[in-house]
Each structure stands twice: as C-alpha cells, then as structure tokens.
Amino acid sequence: MALLASSALTWPAQAAAVPSPPALAATPPMGFNNWNAFGCDVNETLIKETADVFVSSGLKDAGYQYVNIDDCWSLRERGPDGRLVPDPAKFPNGIKGVADYVHGKGLKLGIYGDAGTKTCAGYPGSLGHEEIDAQTWADWGVDYLKYDNCNNQSDGSQADYIRRYTAMRQALDKTGRPFVYSICEWGTSQPWTWAKGVGHLWRTTGDISDNWASLRSIIRQNAPLAAYAGPGHWNDPDMLEIGNGGMTDTEYRTHMSMWAMMAAPLIIGTDLRKATPQTLAILGNRDLIAIDQDRLGVQGAVVSDGNGLMVLDKPLANGDRAIALYNSTDSLATISVATADTGLRRAGAYRLTDVWTGRASQVRSTISAGVPAHGTVVYRVRPLRDPATVAPAVAVGAELGTVVPGPTGGGTPTSPARDGTPATTPDGSDPTGGGTLTTTVTNRGVGAIREVSVSAGVPDGWTATATTERRRARLATDATLETTWRIGVPADTPAGRYPIDVTAAYEWGPRHRPATTSSQVVAVVVTAPQDGRRHLSTIEPVTSVNATGPVEADQSNGGALENDGNLITIGGKVYPRGLGTTTGSELRYYLGGRCSGLVTDVGIDDEAAGGPVTFTVYADDTAAATSGPVAAGEAPKTLTADLTGAAWLRLVVESATAGVHADWAAPVLACGGVPDDSPILPESRTIFSFESGTEDFTIANPNDGGTVAQSPLFHTEGANGLKVSTPVAGNWFGRRLAAPLDLTGKTMLKFDLKAGEVGTVGEIAVQVGESSSWCQGGLWTWTNPGSSKTITERFEQISCPVGVTLDPSDIRAVWVFLNTGGEVLIDNIRAE
Ligand code: GLA
C-alpha cells in the first residue's frame, strides 16, 4: 500500500529532555498501605507477610517498594520520655524490628503520623512533638511518612496548613535520614499550590472508598491538577482499592489506568496474601507501571472532557505518548481524539499498543475506540512508518436506550403507530416491549477494510433484527457503517443489566487478513416499581439530568461533587428524605402504568438564592401537578400528582436562572393500588427522638468529658434534637436500653447530624447479646463545615469482637461517637 502522505516519512527518535531527578520520589512512590483493607487492624505479621508477597509475587520486581503502616500502630499514650510507643501486642519487635525485616527484603518501610493532637483514630498526634517523633521514626529506620490532618486545632487558614506541614518537613530534614513525605490533608488547603518542596506527594481529595462513585469523583477532582505535578512532587488521589471487591474488574482496570495516566502514587490497598491472579495482573501491569513511572514525570493532561468522557495525554521520555480514553458514563461510548489535538508529532500514521490486551493497531489521524461503561482504554502511541504491516484500528460503537420487557417477547411491537413505525418513548425504548439498537463500525486505519459485517449477540430468548444495512463491501479510512436493530425482550425478563456483544468482522491489507473487533453494550431492562408507597429517593431513576453535579438522594444538591450536599432544608424545615437538584433538571422513572400517584413537597433550598423556579410533575407528556413560580425563602409547597395509567413519570425543574438549588422534599410514590395510609417504605423505626428530653444519654468514657442537652436548634422530626458538646478527642454518646431491642428485618442504623467543624469524625456502636459486646462501625470524616447529613451505618459495616456476631434481635445499647471539641447537633437515631 502506498497510502502514506510523503511529508510524514521521517521520525527521528527524539526523546524529550529529562531534567536531573530529585533524590527521592523522582517517580511516583509505589508500595502498600494497610488502611483500605484492614483499617486499624494492623500488626507486625501483616506487614512482614506483605513484604514476603512483594518478593514472591514479582511485585517488587515490578517496582513496588514501600510497605507502609497506617493509623493505630502506637499505644494511646506517649512513653515517659515523650516518645511514641509501638503497641507491643501488635508489634512485639517494635517498628524497628519490622523495619529491619522489610529492609532485609530490599524494601522500605513507611509509617503514619498526624499533624494534630490525635490521629484520626485517636492515637497520639505529632503537633508540637514534630522533632521527637521524626527522630524516633528515623531511629527505627523508617523511610516514608504519611502525615494526616485530624484533630488539627487549625484556624483553617492556608498559612496554618503550611506551618503544620512544614514543621514536620523541617523535623524530618533535621534527622538527616531521607524520608518520602506524604502530606495527607485531603486537599483541604489546596496543597498543590504550596506543598512542592515541602512534601513529595499530597492528597488532593477526601478518602477513597471501594466503590465506583468514589473512584469517579476522585478522578474528576485530580485530573485537572496535572500542571502541579512533577518529579519529587506528586498529586495523590489516594491509595488503590484494586482487589477489595467493591468494584468490577473493568472499574479496577480504570483505577489502575487513570492512576498511571495521572502519574499518581501506586499504593496497593488490598490483602496481597489473598489477592487473586486478576488482582495481581492489574496491579502488576508492566506497561501501565512504565507509564506511571516514566522518568519524564509529567501527569497526563486533560485533552477533552465532556458528557462523562475524558481523554488524557501523557508524554513519555522516549518520545511516545500514552493516550487514555476514559468512559465514566453508564453505557458503552465511542471516544475519539484527533492526533493533531494531542502532543503527538505530525505523521502519516500512528501505531497504537493497547496496554491491557497488548494488541497493536494503526490509525491515520484519529484515535478512537468503543469504551465500555466505567472502562478506560489506554494506548501507547508512536508515529508509524509502514502501516501496511499493522492491522487498522476499527472502532465499534453501539447505543441502546432502556428496554422494556415486551408482552410477546417477539420484538415486534403489538401497537405500532399508524404509519407502521414502532411506537417509541423519547429515549428509544418501546412502551410495548424491546428497544432500538444502533451500531457503528468505523475504520480509523490507513487503507480500506473489506467484506465488513456486523452482528449483535443478545441473551438467550432475545431477538436482534437488523432493520438497515449490516454489510459493506469496502469501508475507507474514517468511513462508518451504521446499522439499526430491533431488540426483542421476553415479557418475563427481570429488571437488570444485560450484555449485548457487537462484533465487526472484516478483512484488511493486500492479503485479505480476517479480523474482528467487538464491543459490549449493556441493555438496561427497566420494570415498574413494586407495589406499595415508597420514598422516591430509594428508587433509581432511569435517566437523570442536572445542571450542577449529580442529582443527590436524601440531600440537597450542594456543589459539583457527589455526596456534597446538606440535608434538604426549605424555609427552615429539614427533610431527611428527598432529591436535591438544580434548575434545568429532569428525572425520569418507568412506571409501566402501575402507579397511582406522587405526593411531594417542593421548594428552593435554604442553602441557595435565586429563582423563581417552577416544579412540574409529568405523567407521560401531561403536566399532572405544577408548583407555579416559587421564590427563595418561601415555605415548602405540597404537590399531589395523579399518575394513573402513565408509563413514565418525569420530574422537571425550570427557571430563567440556571443552577438554583431546587428540592423535591420527601417525595412518595404509590404503586399497585395500595391504600393511602399504607406505611411508607422503607419503614424506619425511631430509637431516640429527643422529643421529651435528652433520652437520659450518657457518655461512655466519663474521664474524657462531653455533655448533652435537648435542643430545638436542629430537628428532622418532631420539634427537638440533641445538642452535644464534644471533647477534642471525642466520646461515645448514648445509653443502655431498658429492654433488649429487636431490630430483626432492619439492615442499617441512621441518625441526622449538623456539625460545625471540619475534621469531626463519627461512628456508630451497638452493644449486643447477654455479654453486651461492643460492636462499632466504620469511620466517617466531616469535610464540609457547618453542613448537615444523615449518617448511615449498615449492619454489615459494623464489626464485633472476634467470636461475636451482631444479632439484630438482641440490641442492648446504642452509641454514637462524636469529636472535635465543638458542638454537634443530632436527631432521630433510628433503624431502617
Ligand atoms: C484519614 C486518612 C486515611 C487513613 C485514616 C486513618 O481518614 O485520610 O487515609 O489514614 O485517616 O485513621
């Protein structure tokens, strides 16, 4: 093939100039930290065995080096000499013993401290003890310090953050021992603007957790900070959750891909002794590690970012570039970037190597792929002289709206519109069953592909019928074959996500080599809500559009991030249930003609100004209830909408001004003809309401202090809540119950809280059984000053002493943990 443009024939291997590296953390640190998988449950055996696995699994050879201990390693009090004391039960040979062991394996040891009076879990902090603590760690042979931010006594100013974190930098320097210094203040003081030269890495966000919403939110926060990173000073989007079980392998590959693209520290956070081959393969992907550890040390820049699709471009020391196509949406998407929009040198063709499949392909001028929901494709890209020898890149895309199980399952709609075209709803789903699939096959390579055909592999019992052309004799560079399909879904198909494999088969090159490219699209089958009256915030909308950030369940919209709102508050009335939106929003729910009505309060949230806004409830295309103009500060209005027979419910908020915080407060949907007075699900049971007083609340550790008083200042039911004055290091507030409480059938504990100070942390504890064993739940940290929230702890998140199980039928006492030294308002401790 002589298809190359003549101007693009020479590409000297021009490696970019690399400045001389700093002594420490010249590339992002790689290692392990116990927190994500073990929390406070750290000990010598775990650290030593992890070091062993580093060596035996090949992770050490892959570059992982630091084995790091997180919070809870010391005793609760300093020793008589003022030094921190390793807990002898957890570390019988001290930290020195572990350091020697780890060093013996050719690895390095990390420790954890806190720039406050106590660590997040309440162990001694280093504020005011910087020098003695740094010297202690140096004496033990520690190589890495993660320095946290709880109980920080801060006035919140950036100057204070700089002062506290610089004090430890100076103390570490004074020891003469090299330490990698990891600043962990959750991005609060924008450390990227000041911490270069102070720390080698700084957290840019709050704590990661092992779920997709957390991962997506952290990527969104960290990606724009590329300009601040470089050798010896890295943005830290927190430690890896890969292998911990809360995400799919596709999501964990995105985690690894995006951390490598963002030149992030790669700190493993899973139990390596039990890691599956898949987990080790993700963590040990040498091509991605090479991208992360590239000595040029540049964090990938955002080339484009819109509609949940992001392209990153990272230059590499040998002149290649890593290009990532990241799909944060919930469906397959074709993501494309013109090579001219990246830092790639001009060339007639480029060679791509997919770092996950190893597959090589070539493109002329557009890098493009069908990327699965929550997935990321990463290519290592370089100019290519002879494209004839490399398979052309073919992008397979597909779009499929929600699908509704059909009454016939045959895929033929029973009631087509009069002109014979199938009746469809606005998103392409068919109210009588099935849906419409559109597939695209695009040749991005140099040279035509031939004998192109596309097929759709559907689940058993489903049908896929092409209604337009699905074969093409020849597809030139950048040409697309688009095909429309009718998808038939059997009537009894349960709601859920069903994969459909779309495969393009074709021939390429002068020797007609056969090849295929596939993408998987997910059919979202929706069914009508179950019978009963239910809080709408517990039902997943089919689609949701919002002006600022995501629509929030059971809180106001807050800002651009997920889970950053307050409890919904309208005209002073606080609602623990509802949907926080901004104007310009639309939420759609599938009802299938099975629901009778929606009752909801509406209004502009007290956290916002602006308006007026109009709330409208649509039953299909009919306005079933509307608020008329509502102004800021107005009391809530109640809307009652008749939904009889409607296939779809839509909630729409409009206004001349965008971004006004508009709430659907306590919306309740009734389906299946249930009586108006049937209980609202999920049913919640109040344990403490504080209506008649303090409920005789006591404190668990009387020596640590704290007081309680009934207060009308904050309440989410009734007229009163509880005002708690907390000691700095916190205490447990609650009491034993007069008789054992039976919470059988419930799955979680909740309470509503309004806190003044950042850094407030909380937990829930229950005492269970004859022995009154103490079981307590995961830590949450307050990062939004003055805000209010519902704190939720699922029973499975609450851990009991060894040998004790949380028996929900035999609860003897209920406690909540609160700290910071300030006042905290709480109400309505309940089970649900
Ligand atoms: C904070 C940090 C976490 C972890 C815990 C330990 O939340 O951000 O990474 O170190 O403290 O208590």
Inset, instruction - Just round it to a whole percent: the fraction of Cα-Cα distances in the chain exceeding 37 Å. - result: 52
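Over the chain, give the accessible area per residue in Å² for a 1.4 Å probe, as an integer.
Accessible area per residue, the chain: 39 Å².
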Inset, instruction - Would you kindly compute the Cα radius of gyration of region 281-332 and its largest Cα-Cα separation (Dmax), both in Å? - result: 12.5, 35
Legend entry - Two-site label geometry, Ala739 and Ser304: point separation in nm, points 7 Å out along Cα→Cβ: 6.7
Legend entry - Rg(Cα) / (2.2 N^0.38 Å) computed for region 739-819, rounded to two decimals: 1.16
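Per DSSP helix of 4 or more residues, -39500 (n - 2.57); summed, then divided by the residues of the chain. What does that give at 222 nm, rounded to the nearest 500? Provide the component values of the computation, followed by the final result.
Working: 10 runs with 99 residues, N = 832.
Taking each H run of at least 4 residues, the total per residue is -3500 deg cm²/dmol.
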Legend entry - Percent of C-alpha pairs per 5 Å bin, region 290-411, short to long: 2, 11, 20, 22, 18, 11, 6, 4, 3, 3, 1, 1, 0
Inset, instruction - Starting from the Cα of Gln710, step 7 Å along the direction of its Cβ; do the same at Thr805; then give the gap between the two resulting points in nm. - result: 4.0
Legend entry - Solvent-accessible ranking of Arg164, Arg220, Arg474, Arg533, largest area first, probe 1.4 Å: Arg474, Arg220, Arg533, Arg164
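So for each of 325-334, 713-722, 199-208 I average, over its residues, the number of other beta carbons within 10 Å; can you give me the resulting order with the highest mean first? List each step's numbers first, then the result.
Numbers: 325-334: 21.4, 713-722: 19.1, 199-208: 24.4.
Per-residue mean Cβ counts within 10 Å order the peptides as 199-208, 325-334, 713-722.
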Legend entry - Cα gyration tensor, region 495-557 - rounded (a/c under 1.5), prolate or oblate: oblate
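Accessible area, 1.4 Å probe, largest first: how do Lys174, Lys750 sort? It would help to have the intermediate numbers written out before the result.
Working: Lys174 140, Lys750 20 Å².
Per-residue accessible area, sorted high to low, gives Lys174, Lys750.
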Legend entry - Arg735 accessible area, assembled protein chains, probe 1.4 Å, Å²: 50
Legend entry - Portion, in percent, of the accessible area of the chain that falls on carbon or sulfur, probe 1.4 Å: 50
Legend entry - 5 Å-binned pair-distance histogram of region 660-762 (Cα, whole percent): 2, 9, 15, 18, 19, 15, 10, 7, 4, 2, 1, 0
Inset, instruction - Please name which of Leu280, Thr543, Ala340 has its Cα lying farthest along the dipole of the chain towards the positive end, using unit charges on Cβ (Lys, Arg +1; Asp, Glu -1) and the Cα centre as origin. - result: Ala340
Legend entry - Across the chain: Cys residues that no other cysteine approaches within a C-beta distance under 4.7 Å: Cys184
Inset, instruction - Please pull out the direction-averaged projected area of region 179-265, using the convex hull of its alpha-carbon atoms, in nm² to one decimal place. - result: 5.4
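For region 439-580, give the magnitude of the charge dipole about the Cα centre (Cβ charges: +1 Lys/Arg, -1 Asp/Glu; no others), in debye to the nearest 20. Working shown, then result.
Details: 14 positive and 14 negative charges, 92 e Å.
Its charge dipole is roughly 440 debye.
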Legend entry - 19 Å reach of a label modelled at Thr626, 7 Å along Cα-to-Cβ, counting backbone N of region 558-600: 583-588, 598-600
Legend entry - Alpha-carbon centroids, region 512-561 and region 301-377: separation in whole Å: 25
Legend entry - Column: log10 I(q)/I(0), Debye, Cα scatterers of region 558-636, q = 0.15 Å⁻¹: -0.60
Inset, instruction - Just order 80-89, 143-152, 242-251, 348-357 by mean Cβ neighbour count inside 10 Å, highest at the front, would you? - result: 143-152, 348-357, 242-251, 80-89
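Quick check: convex hull of the Cα atoms in region 23-158, volume per residue, rounded to a whole Å³? Intermediate values should be presented prior to the final figure.
On the way: hull volume 17.1 nm³, N = 136.
Each residue corresponds to 126 Å³ of Cα convex hull volume.
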Legend entry - Fully extended contour minus Cα-Cα distance, from Ala491 to Lys96, at 0.36 nm per residue: 135.6 nm
Inset, instruction - Roll a 1.4 Å probe over the protein heavy atoms and report the accessible area of Ser56 in Å², nearest 10. - result: 100
Legend entry - Hull volume in cubic angstrom per residue (convex hull over the Cα atoms of region 185-335): 115
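Rounding to the nearest 20 debye, state how big the charge dipole of region 486-539 is about its Cα centre with +1 on each Lys and Arg Cβ and -1 on each Asp and Glu Cβ.
Charge dipole, region 486-539, about its Cα centre: 140 debye, nearest 20.
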Legend entry - Residues with amide H under 5 Å from that of Gly113, placed H, sequence gap 5 or more: Lys146, Tyr147, Asp148
Legend entry - Simple Cβ-charge dipole of the chain, Lys/Arg +1 and Asp/Glu -1, about Cα centre, in debye nearest 20: 2980
Inset, instruction - Mind checking region 748-800 for GluC sites (Glu not before Pro) that DSSP puts in a loop (not H, G, I, E or B) and that have at most 12 other Cβ atoms within 10 Å? - result: Glu770
Inset, instruction - Tally the DSSP beta bridges in the chain and give the antiparallel ones as a percent, rounded to 5. - result: 85
Legend entry - Convex hull volume per residue for region 689-825, taking Cα atoms only, in Å³: 110
Inset, instruction - Could you check the simple spin-label distance between Glu634 and Thr538, using points 7 Å along Cα→Cβ, in nm with one decimal? - result: 3.0
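The values are calculated or read from the model by the stated rules, or taken from the named source; none is laboratory data. Keep in mind the model is a prediction, meaning the values are calculated, not measured. A quick note on method: Cβ atoms are made from the backbone with ideal geometry, for glycine too, and the neighbour counts reach across all protein chains shown. The area values use the complete protein model at the heavy-atom level, side chains included, leaving out ligands, DNA and RNA. Shrake-Rupley method; radii C 1.70, N 1.55, O 1.52, S 1.80 Å.
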